[in-house]
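*Asks:* Before I ask anything, let me first share the structure, which is written out below as structure tokens.
The values are calculated or read from the model by the stated rules, or taken from the named source; none is laboratory data. Not measured: the values here are computed from a predicted model. Here the Cβ positions follow ideal geometry from the backbone for every residue, glycine too, while neighbour counts run over all protein chains shown. For the accessible areas, the whole protein counts, side chains as well, though only heavy atoms, and no ligand, DNA or RNA atoms are used. Shrake-Rupley method; radii C 1.70, N 1.55, O 1.52, S 1.80 Å.
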Amino acid sequence: MTSRGSASLLNFFIFNSTYGQREGEEEKKVMFYFPDEADIDTKVKNIGLSEAIVQFASTFSDLPCQSVHTQKTRQLFLEPEKDFWMVMTVSLPFKEKTKDGQPYAEYREDDVQDSVFESVLSLAYKMFKLFNGTFYHVLQRADGDVQSLKQRLEHFYNKYLLTLKLSQCDLLDVFNGIHFLPLDKNTYLRIQCFINRLEATFPMVKYTAFLYNDKLVWSGLEQEDMRTMYQYLITSLFPTYMATEHQGGNQTRPQAQGPSQFCKFMTGPPDLTDEKSMGKLPRVFVSTETDNEECYLLVYRAMSATICMLVNVKCALNVPTCRKLDTMLAPQMTKLASDIKEQHYQRVPPPSAADPTFKYIYFNHMNLAQQTTVHMDLQKRAGINIPQEIMRLLSDINADLTRSNHDGETIVKTTSDFWVVGKKSDSREFYVVINQKNANLIEINEEVKRLCSCHLNSVFFLD
């Protein structure tokens with residue numbers, strides 16, 4: 001018996017039914033299609049089928065169609081903007097079996113969960129919106145030229161889709177939460193004062209976010225914009241930059257001495273002595289007083305502290321200006337990074353094998369705060385390894401709790417002797433996987449209470 005054990009992307013396309021309404025012009029509806037090598041008949045056929053499904057489903061419900069289940073595939077639908085539909089088709093994992101001497105495929109429908117892949121599709125749109133603005137905004141800037149939108153979509157998604165790891169998606173992709181770094185009031189106020197001085201000294205800096213390692217300390221962006229920006233930073237920009245660092249691609253400034261030699265622009269000028277090189281300077285679109293406000297994204301790192309500055313695109317941003325920014329940022333951020341490091345290691349005990357029998361996920365819908373010990377490097381921190389079927393069970397429990405408008409609690413014991421607990425209370429969710437074979441329900445309940453108190457500083461409770 002052989003097994004194909006993970007989901008894979010079959011196609012991903014975007015269409016608008018208001019285009020190509022005449023017979024023979026159906027291909028005008030296609031805004032983007034992956035894989036590109038598919039012939040035009042296949043593209044038109046799949047989009048036509050999706051249109052029919054959407055229209056058929058609308059006769060039964062006021063809610064838009066979200067997914068279609070078939071024997072071999074799962075298709076997800078999203079209408080992020082009026083008349084624009086995004087569709088993603090995922091293949092189902094299967095096992096090859098034999099019955100009466102004849103081979104057949106047994107497809108594992110439960111291995112692909114709607115809530116997980118709906119979140120993946122939603123994030124795909126939000127990432128495009130972050131770097132390009134909305135679909136209609138792109139059209140407006142191009143005076144209604146659809147070809148301009150198609151080029152933007154192709155340029156973005158041909159790269160973005162290659163980064164998707166569908167087989168590794170789970171409950172954490174549903175939450176897309178933000179890891180915050182708790183600090184004492186004095187340190188937090190010092191950071192806020194530093195940001196206020198920065199924005200007052202350089203009025204072109206309109207919005208700012210401050211991070212330490214991969215955790216957010218302060219943000220001046222709207223919550224949803226910061227959520228998408230945070231995902232970009234921790235999954236793309238930071239890992240790519242660190243990989244380049246390890247390969248020796250980013251050299252320290254030869255004129256710098258002491259801690260300031262570790263202060264650099266992650267986006268922007270790679271060498272402050274080169275007047276002509278501004279380096280990579282992404283543009284982002286955020287929702288503020290006006291929708292689709294365009295800004296430069298200038299990211300600066302000092303030791304383990306990072307500041308993201310969204311700069312007005314109407315202002316001239318050049319190397320001399322970045323040198324002035326560096327002069328201000330380097331000493332102050334170096335001192336803040338050093339103080340945060342000292343405080344952080346005093347408050348957080350080093351990893352140990354004290355609790356090797358559990359993993360947890362916490363998420364707060366109000367502020368998007370997330371804490372988790374899932375997917376941590378087991379070589380660096382002791383703990384159980386959660387099987388894929390347990391992660392799928394967590395997503396199922398989450399989907400059940402989401403469908404209910406009431407607070408609740410679910411406790412499950414699996415055949416593999418794992419205890420799985422899901423709690424929802426006051427916009428907070430808490431999930432625990434405990435590996436205690438001989439424990440009973442009462443003991444597990446007490447253990448969960450202890451974990452809430454110990455690891456979440458009593459921010460979550462459910463009687």
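*Asks:* Out of Asp39, Asp110, which single residue is open to solvent by 30 Å² or more (accessible area, probe 1.4 Å), of a type in the set (D, E, K, R) and farther than 29 Å from Ser395 by Cα?
*Replies:* Result: Asp39 is the single residue among Asp39, Asp110 that is open to solvent by 30 Å² or more (accessible area, probe 1.4 Å), of a type in the set (D, E, K, R) and farther than 29 Å from Ser395 by Cα.
*Asks:* I want to confirm something. Restricting to the stretch 440-461 and keeping residues that are outside any helix (DSSP H, G or I) and at pLDDT 60 or above, which single residue is farthest from Phe363 (Cα to Cα)?
*Replies:* Only one residue fits best here, namely Asn440.
*Asks:* To continue, here is another question. Go through the stretch 300-333 and report how many residues are more than 14 Å from Tyr212 (Cβ to Cβ) and under 24 Å from the mean Cα position of the chain (by Cα).
*Replies:* The number of residues fulfilling the criteria is 3.
*Asks:* Testing Asp100 on (1) of a type in the set (Asp, Glu); (2) on the phi > 0 side of the Ramachandran plot; (3) crowded, with 17+ Cβ neighbours inside 10 Å, one condition comes back false. Which one is that?
*Replies:* The failed condition is (3).
*Asks:* Is it true that Ala330 is within 17 Å of Thr267 (Cα to Cα), in a helix (DSSP H, G or I) and at pLDDT 90 or above?
*Replies:* Values: within 17 Å of Thr267 (Cα to Cα): yes; in a helix (DSSP H, G or I): yes; at pLDDT 90 or above: yes.
The answer is yes for Ala330.
This table checks each residue for (1) touching a Leu at 6+ places or on another chain (Cβ under 8 Å); (2) among the polar types (S, T, N, Q).
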| position | (1), (2) |
| --- | --- |
| Asp110 | no, no |
| Ser122 | yes, yes |
| Phe131 | no, no |
| Arg141 | no, no |
| Asp173 | yes, no |
| Gly177 | yes, no |
| Arg190 | yes, no |
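*Asks:* Separate question: Determine the pairs where a residue that is over 21 Å from Ile178 (Cα atoms), located within the stretch 341-369, has a partner that is open to solvent by less than 70 Å² (accessible area, probe 1.4 Å) and modelled with pLDDT under 65 with Cβ atoms under 6 Å apart, the partner being 6 or more residues away or on another chain.
*Replies:* Final answer for the pair search is Ala353/Ala382; Pro356/Ala382; Pro356/Gly383.
*Asks:* I need a count of the residues in the stretch 272-291 that are open to solvent by 30 Å² or more (accessible area, probe 1.4 Å) and in contact (Cβ under 8 Å) with a residue 24 or more places away in the chain.
*Replies:* Filtering the stretch 272-291 for residues open to solvent by 30 Å² or more (accessible area, probe 1.4 Å) gives 273-281, 283, 287-291.
Keeping just the survivors that are in contact (Cβ under 8 Å) with a residue 24 or more places away in the chain gives 274-278, 281, 283, 287-288, 291.
Residues that pass the stated criteria total 10.
*Asks:* Select, from Leu63, Leu78, the only residue that is of a type outside the set (Val, Ile, Thr), at pLDDT 95 or above and open to solvent by 30 Å² or more (accessible area, probe 1.4 Å).
*Replies:* Values: Leu63 fails: at pLDDT 95 or above.
It is Leu78.
*Asks:* Here's something else I'd like to know. Within the stretch 1-110, which strands (runs of 3 or more DSSP E) (wholly inside it) include 1 or more residues that are more than 30 Å from Lys150 (Cβ to Cβ) and of a type in the set (A, V, I, L, M, F, W, C)?
*Replies:* Per the criteria, 94-99, 102-107.
*Asks:* It is to be established whether one or more residues within the stretch 256-271 are modelled with pLDDT of 90 or more, under 30 Å from Gln140 (Cα atoms), open to solvent by 30 Å² or more (accessible area, probe 1.4 Å) and assigned to a loop (DSSP other than H, G, I, E, B).
*Replies:* No; the residues of the stretch 256-271 include none that is modelled with pLDDT of 90 or more, under 30 Å from Gln140 (Cα atoms), open to solvent by 30 Å² or more (accessible area, probe 1.4 Å) and assigned to a loop (DSSP other than H, G, I, E, B).
*Asks:* Scan the stretch 116-135 and tell me whether some residue there is buried (at least 20 other Cβ atoms within 10 Å of the Cβ) and in a loop (DSSP other than H, G, I, E, B).
*Replies:* Yes, some residue in the stretch 116-135 is buried (at least 20 other Cβ atoms within 10 Å of the Cβ) and in a loop (DSSP other than H, G, I, E, B).
*Asks:* Output the number of the condition that Lys95 fails; it satisfies all remaining conditions of (1) over 23 Å from Ile390 (Cα atoms); (2) open to solvent by 60 Å² or more (accessible area, probe 1.4 Å).
*Replies:* (1)
*Asks:* May I ask you to list the residues in the stretch 140-175 that are within 30 Å of His365 (Cα to Cα), open to solvent by 80 Å² or more (accessible area, probe 1.4 Å), of a type outside the set (A, V, I, L, M) and in a helix (DSSP H, G or I)?
*Replies:* Initially, the stretch 140-175 is screened for residues within 30 Å of His365 (Cα to Cα), giving 156-157, 160-175.
Pick out the ones that are also open to solvent by 80 Å² or more (accessible area, probe 1.4 Å) and you get 162-163, 165, 168.
Of the ones still in play, those that are also of a type outside the set (A, V, I, L, M) are 163, 165, 168.
Passing the criteria: Thr163, Gln168.
*Asks:* Give all pairs with beta carbons closer than 7 Å in which a residue from the stretch 161-173 that is at pLDDT below 90 meets a residue that is surrounded by fewer than 20 Cβ atoms within 10 Å (Cβ to Cβ) and assigned to a loop (DSSP other than H, G, I, E, B); count only pairs at least 6 apart in sequence or on separate chains.
*Replies:* These pairs meet every condition: Ser167/Ser6.
*Asks:* Restricting attention to the stretch 218-232, does a residue exist that is more than 16 Å from Val284 (Cβ to Cβ) and crowded, with 19+ Cβ neighbours inside 10 Å?
*Replies:* Taking every residue of the stretch 218-232 in turn, none turns out to be more than 16 Å from Val284 (Cβ to Cβ) and crowded, with 19+ Cβ neighbours inside 10 Å.
Here's the yes/no breakdown for (1) within 24 Å of Lys126 (Cβ to Cβ); (2) part of a strand (DSSP E or B); (3) open to solvent by 40 Å² or more (accessible area, probe 1.4 Å); (4) out of contact with any helix residue (DSSP H, G or I) (no Cβ under 6 Å at 6 or more places or on another chain):
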| residue | (1), (2), (3), (4) |
| --- | --- |
| Tyr188 | no, no, yes, yes |
| Gln192 | no, no, yes, yes |
| Arg197 | no, no, yes, yes |
| Lys206 | yes, yes, yes, yes |
| Leu211 | yes, yes, no, yes |
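*Asks:* A follow-up question, please. For the stretch 10-33, state whether one or more residues are closer than 29 Å to Ser167 by Cβ and either among the charged types (D, E, K, R) or at pLDDT below 90 (or both). Give the steps one after another, and end with the answer.
*Replies:* Applying the first criterion (closer than 29 Å to Ser167 by Cβ) to the stretch 10-33 yields 10-15, 30-33.
Still in the running and either among the charged types (D, E, K, R) or at pLDDT below 90 (or both): none.
No, that holds for no residue.
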